[in-house]
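The values are calculated or read from the model by the stated rules, or taken from the named source; none is laboratory data. Since the structure is predicted, the reported quantities are computational estimates derived from the model, not experimental observations. With ideal geometry, Cβ positions are generated from the backbone for all residues, glycine too; neighbour counts draw on all protein chains shown. The protein model used for the area step is the full one, side chains on, heavy atoms only, and it has no ligands, DNA or RNA in it. Shrake-Rupley method; radii C 1.70, N 1.55, O 1.52, S 1.80 Å.
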Amino acid sequence: MMKKIISIVFATFILSACYEDTSVTLHEPGVYKGKRDTQTMPAEEREALLKQRFNQVQTDR
Amino acid sequence: MSLLPTAMINKADAAQRRQHSYDEGEITKKRSVCTHCSVGCGVVAEVQNGVWIGQEPSFDHPFNLGSHCAKGASVREHGHGDKRLKYPMKKVAGEWQRISWDQAIDEIGDQMLAIRESAGPDSVYWLGSAKFNNEQAYLFRKFAAFWGSNNVDHQARICHSTTVAGVANTWGFGAMTNSYNDIHNSKCIFIIGANPAEAHPVSLQHILRGKERGGKVIVVDPRFSRTAAHADHYIRIRPGADIPFVWGMIWHMFQNGWEDEQFINQRVYGMDEIRAEVAKWTPDEVERVTGVKEADVFQAAKTMYEHKPGTVVWCMGITQHTVGNSNTRALCILQLVLGNMGVSGGGTNIFRGHDNVQGATDFGVTSNSLPGYYGLSQDAWEHWARVWDVDYNWIASQFDQASYEELNGSPVSPMFTNGITVSRWIDGVLEDPENITQKDILRAMVLWGHAPNSQTRGPEMKAAMEKLDLLVIVDPFPTVSAVMNDRQDNVYLLPAATQFETYGSLTSSNRSVQWREQIMAPLFESLPDHNIIYRFAEKFGFADQLCKHIAVNDGEPLIEDITREYNRGMWACGYTGQTPERLKLQLANLHTFNKTTLKAEGGPCDGEFYGLPWPCWGTAEMKHPGTHILYDTSIPVAEGGSPFRARFGVEREGQNLLAEGSWTAGSEIEDGYPEFTSDMLKELGWWNDLTAEEKAEAEGKNWKTDLSGGIQRVAIKHGCAPYGNAKARAIVWQFPDPVPIHREPLYTPRRDLVAEYPTYEDRRNFYRLPTRYGSIQAQDFSQEFPLIMTSGRLVEYEGGGEETRSNPWLAELQQDMFIEINPADANNAGIRDGRQVWVEGPEGGAVKVMAMVTPRVERGVVFMPFHFGGHYQGEDLKDKYPEGTAPYVRGESCNVVFTYGYDSVTAMQETKVSLCRVRPA
Amino acid sequence: MARMKFLCDAERCIECNACVTACKNEHEVPWGINRRRVVTIDDGIPGEKSISVACMHCTDAPCQAVCPVDCFYTTDDGVVLHDKDICIGCGYCFYACPFGAPQYPQEGAFGARGKMDKCTFCAGGPEPDNSQAELDKYGRNRLAEGKLPLCAEMCSTKALLAGDGDIVADLFRSRVVRRGGRPDTWGWNTAYKD
Amino acid sequence: MPATSTMNLAQRKKIMRRSFIVMLLAIILLPLSGYWLMGNQATDSEATVTNPRADTWRQVRQGSPDAYTAVQGRETNVLIQNMGQNWRQLRNGPLATYGSWLIFAVLAALTLFYLTRGQVKLTHPRTGKTVERWTLNERRLHWLTATLFIILAITGLSLLYGRYVLIPIMGHVAFAAYADVAKWAHNILGPVFSVALLVILVKWFKENLFSRVDLEWFKGFGGIIGDQHPPAGKFNGGEKLWYWTLATAGVAICATGFVLDFPNFDQTRFVIQISHLIHLSTAFLLIAFAFGHIYIGTIGTEGALEGMTTGHVDTAWAEQHHNLWLEELQAQQQADNDKQTPQ
């Protein structure tokens, strides 16, 4: 009896090592289910801004 | 150990980081300049709550357009300073103890005063630094003068002193003649003894720009470097055979009539002697001595002739030789032959090493000159005494009153004799006092911003450090000086602030003077260098003299006042127009400067060159724009034009030394003329152009000593250069070798050439010390030590490497000190790539390093970077650093193996040719 | 829509490693993790070429294809990012990536690698733009500030270009025309399909 | 036929060794075929390129072992590793597809077999007399290994099919839990399984050497088809085949598992990728075999399971399935008895 209890406790202990995070993400093949990447500005606006930056900084003098 | 995967960055770590935080405090931008090399790249720092939290590219900056190399892109690490020396420390019975600044200054000062009493002021060596800004460098030289010694020097001695001497004696000023940006206009870029891709990476932006605009790149180097990889033509040369190679090129030029006859006739003196010497260097002889095939030499010569204007770039590969001064002059002559001087895209572009080594040189942190290359003559002292507004006799009384040398048959005070050089300070300690031409040996050494591992003869340096009575290290880091010796007592470490923790001006390699803003307050207990200088001055009792016209706030001399003071005295090399106000205005208007011509187009600085590159003549009110390209006669002096300097008289042996038929645009004297004096103004009838105050000051003075600037103003008003209009000298008659001639290195493997091309005779007194040449070369080491050893830089590290090896972002990239060795040599010695080897030198030094088997070096040549330190002959010195200050990466210093050898004019150390052997460890 | 791309001009790259340290600086990347690196081929012999390489933000990203937990996503700008909260550190993306981009903070027994870390094109991660959480996990989000990746912005010779693929290509083409040769858009065949 | 029957043990061993090597080589080399094909294609397309730098880039694609990088670490000097894409395609393509087919095919075959043949019944009624077949320790060892095997198979498959197959089978919540836990369970239990397997292989090595008896056993299809009961010792031919599968594929899966599980020994990505492909291939092989083993040991054969649960089997069962072993046991007992009688 004692052995059983010890082994259950031991097994629980070992298995607890496999535990990583309480928040569980439900996976679906090929579907990203993480946090949504909300961007501070619309893509078009950013595109224009980045183009301007590129022309300012990466051109050959 | 946890098996659980943890997030890369946990919260506790994040809190300790000095990183951007989005929700606290306003972010301000500060503009500074990278402290790692001489290009002078602009740095934009983002500061929040006094913490340097971000680094942005400085796109407006004309030099780098936001670019950086590995070092520049990592300067924000200075804001962490994890491995910095945090407070003053003192070694007592082998243990480092924390002490206060007051205690440190008191104890050091008392000991120095005692040494001064017993051994004279020359027994304390004040070793300064190219890491000072201009104001600190100037104040440091002034401080040493007030202490009463010329035993003051800095790294320029061991990097470009031969350039300064050789180039200045050829045409007037010892500096880069054009600019990095001007290389855009070069049609041929001839790089010899330089590896800018690793030592000055941002300069490659300009070089490659020139290349893409049709310029040809020729690289001459013993090593296939990263620069060589971008060359159109790479030529491998035997180390130490530069003069024969250059003469070989010129041989082809003379042979084919490729020289610029008109330019030589108008603007060059002594070319006939050069012709005679060059005639000896037939293609066969060149190949025998240099190992370069005729076709390569011919091709290089032809390319330079066909692609004009061409520029010549050199660095330590040329300067660090016993014949360094001759090397630099030979290259000047190459440009004179081609007529490539004074034109955009031409010139000698000498890339300097430290961010402010040009400035520190200009401000005379050298044992042979006062600020502004005035020298050590009585006139020079009197000039500076007037600028400083102190009694000349008081300064003279500070010096040792006895005489140890004779000049023209009469004894001279140490005040007027060259001090010991930094390259030889160890001999100043170890040499028999009988042989030293000063009162006593060196007893106290102040290493102020200097890495000892950048200097040769490591074991002897260790002995010298141990023999000293007192060793003082002033630096942001403990440096190798703190650990390489076995001293148990009387070592002091004083924490200096970096240039990011203070502000002021600096001079980049192209002579541009830039202003830095302060990014953050000094970290920990560190102090800016000028504060420390002031503290010592207070201790020695001349603080009031030192800062007579400089405001002092809380022990900090006001930087702007120092700038204004040197503006009043630096006439000789044109540091008089760069006032703090003008420099700050430029800093605020970086975007208005053209990125190739460096000239402001519109805006408040309209017409000025970026950084007011010296010479920036006259007073600031004259609004001289600075001189972008030296010796350019196509524009008026008032707009930055200049002829060659009349520095060496007007005639010699019946030959005219002044220019003939050549003058700067708009010059009213349409021929050569000597330097301007008050008498000359009177002769020319221009005296009355001076104002009454100017007349009073200028009477009896010359363009260098007239503190009113009137003589310069009037000369320039008439389109003339204040320093005259002369020829460049192809022969420098007062040097040991007036015509540069080849001399084999002291440690040469080519014994067959020694008889024909011997080195100099030993000298009894050279910068106060006996110096050996022939006695070393007489011995044959080449059997036992068959490999030629040379050294150089890595892109990740700088100088002695202490600050860069303490920067984890850089240190991670180069974790092992290594030696490059050709596969053939490695196989012969049983050496495998990545294994440890012992490198042993003929003077007994040995280092244990990692082998890098690579075709970068050819058979018979090995290469080591010189940035490592913290190991000594196989032993890791980690435990000898004060706690928490050991750099992330430590390794052997190659200079433990490097040997004796000093340039015949400047005592530059020889680090580019020596001998060694390598065996598996 | 802009399609962000990297391009390293091998004719200009001098292996100065500015890109590597700029990245470390900007994102406080710890020792041992290198989101970007420079590789030199034919080192020390004529023909030597250096290339700076990081995550190329591929069109059909292999990492995305093999990830067992789908922690990758592609932004509107074509930047391939991942969610460290989902990543299980299995290492598959490292096996699949042609460029060796994925990095792990540790490499221990039982496949303990920690959360994967890689170049984000300075675009952070799924946390709100410019939030402290994003900064801690992924580094700074320069794109959200209207700036481009710092490695390219600080490149010493302007060899490394980063930005909208079309304008990057245009600039590069003009350089190639000036040099008179064919373009070597390094890695583009491997990384990009459009 | 006579030739086969006269073949001696050494020859058999030789053939076995050879076939084992061929198998292993096939496992290693087959996945490379795609690489070889792609390599050829790449060279073909580049042959037409006239870019002066083409040589450089070809060198990059072929891997340049002398390339330099200041960034320390494994394979940091590799610009493009080609195998990654092949690995991805082989793993996500043929291996995942055919692997699942194999598993379903085996399951279908077993079902079909059960439906047509039914359980192999005891031909003689139970005698009520039992003999000990497996000691307590042997049973412990078996069940430990079996449990680990099942856990590893399920966790392993969940990593491969998580995105395609297991969600419909197990439901979202269960799979999500796996995704976090499965990798760790798999990585930690794998080495334990390896140790257990090693003990099994050592312990039962002698009994599992093939002999002439097994040939007949195989000729009689192990008594599964038809009513004959071919002779067998303690381990019949089928069990020996299972043993040797474990000794080859099982060892391979453990070895490759270690390569994957301990990436901290500077193994290259190529080694890891190949190991992973072998790991997957052998895993499918073992899983397929295991289904057969489980079927025969449980519902396929009357009385078989009790040997592994109670440790004892009825002599009637032993007579039917392992007659030579029973004879041996009885002879042993007889000998023991004889030893005792003189006193």
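Data for the structure
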{"quantity": "Exercise: per-residue mean of other protein chain Cβ atoms within 10 Å, D:80-91", "calculated": "6"}
{"quantity": "Burial of 40 Å² or greater, the range C:47-85 residues [accessible area, probe 1.4 Å, versus chain by itself]", "calculated": "C:Glu48, C:Lys49, C:Ala65, C:Val66, C:Pro68, C:Val69, C:Asp70, C:Tyr73, C:Asp77"}
{"quantity": "Cα gyration tensor shape of the range B:707-811, rounded if a/c is under 1.5, else prolate or oblate by comparing a/b with b/c", "calculated": "oblate"}
{"quantity": "Anisotropy class of the range B:369-457 from Cα gyration tensor, a/c 1.5 cut", "calculated": "oblate"}
{"quantity": "The range B:648-738, accessible area per residue, ligands and nucleic acids excluded (1.4 Å, Å²)", "calculated": "41 Å²"}
{"quantity": "Over 32 Å (Cα to Cα) - which of B:Lys880/B:Lys912; A:Lys4/D:Lys121; B:Lys131/B:Lys216; B:Lys86/B:Lys462 fall in this group", "calculated": "A:Lys4/D:Lys121; B:Lys131/B:Lys216"}
{"quantity": "Contact surface C-A: accessible area buried, both sides summed, square angstrom, 1.4 angstrom probe", "calculated": "2900 Å²"}
{"quantity": "With every protein chain in place, the range B:847-901: carbon and sulfur % of accessible area (1.4 Å)", "calculated": "43 percent"}
{"quantity": "Of all accessible heavy-atom area on the range C:4-191, the percent that carbon and sulfur account for (1.4 Å)", "calculated": "53 percent"}
{"quantity": "Inter-chain Cβ neighbour average for residues B:784-797, partner chain, 10 Å", "calculated": "1"}
{"quantity": "Share antiparallel - DSSP beta bridges, the protein assembly as shown, percent rounded to 5", "calculated": "60 percent"}
{"quantity": "Entries of B:Lys599/B:Lys717; B:Lys308/B:Lys623; C:Lys49/C:Lys115; B:Lys280/B:Lys727; A:Lys35/C:Lys115; B:Lys29/B:Lys187 with Cα pairs more than 27 Å apart", "calculated": "B:Lys308/B:Lys623; C:Lys49/C:Lys115; B:Lys29/B:Lys187"}
{"quantity": "Probe 1.4 Å, accessible area per residue of the range B:751-920, Å²", "calculated": "32 Å²"}
{"quantity": "Accessible-area composition of the range B:163-350, carbon plus sulfur, in percent [1.4 Å probe]", "calculated": "46 percent"}
{"quantity": "Partnerless Cys - chain B, beta-carbon criterion under 4.7 Å", "calculated": "B:Cys37, B:Cys159, B:Cys188, B:Cys315, B:Cys332, B:Cys547, B:Cys573, B:Cys605, B:Cys616, B:Cys720, B:Cys894, B:Cys916"}
{"quantity": "C-alpha center-to-center spacing [the range B:857-921, the range B:141-218] in angstrom", "calculated": "24 Å"}
{"quantity": "For the range B:591-611 versus the range B:305-322, the gap between their alpha-carbon centres in whole angstrom", "calculated": "28 Å"}
{"quantity": "Label zone at B:Glu294 (point 7 Å along Cα-to-Cβ), backbone N below 13 Å, the range B:246-263", "calculated": "B:252"}
{"quantity": "Antiparallel bridges, percent of DSSP beta bridges restricted to chain B (to nearest 5)", "calculated": "55 percent"}
{"quantity": "For B:222-231, mean number of other protein chain Cβ atoms within 10 Å", "calculated": "4"}
{"quantity": "Cα gyration tensor shape of chain C, rounded if a/c is under 1.5, else prolate or oblate by comparing a/b with b/c", "calculated": "prolate"}
{"quantity": "Probe 1.4 Å, all protein chains present, accessible-area order of B:Phe898, C:Phe94, largest first", "calculated": "C:Phe94, B:Phe898"}
{"quantity": "Kirkwood-based shape ratio for the protein assembly as shown, expressed as Rg/Rh from alpha carbons", "calculated": "1.08"}
{"quantity": "Axial C-alpha extent at least 24 Å, average Kyte-Doolittle at least 0.5 - helices from chain B (DSSP)", "calculated": "none"}
{"quantity": "Heavy-atom surface of the range B:163-350, accessible at 1.4 Å and reported per residue (Å²)", "calculated": "22 Å²"}
{"quantity": "Estimated buried accessible area (total), pair D and C, 1.4 Å, Å² to nearest 100", "calculated": "4100 Å²"}
{"quantity": "Interface size B-C, as summed buried accessible area [1.4 Å probe, Å², nearest 100]", "calculated": "4800 Å²"}
{"quantity": "Distance between the range B:79-95 and the range C:16-62 - C-alpha centres, whole angstrom", "calculated": "35 Å"}
{"quantity": "Using distinct alpha-carbon pairs, which all enter the 1/r mean, Kirkwood radius of chain B in Å", "calculated": "27.9 Å"}
{"quantity": "At least 30 Å² of accessible area lost relative to the chain alone, listed for the range C:124-140 with a 1.4 Å probe", "calculated": "C:Pro126, C:Asp129, C:Asn130, C:Gln132, C:Leu135, C:Asp136, C:Arg140"}
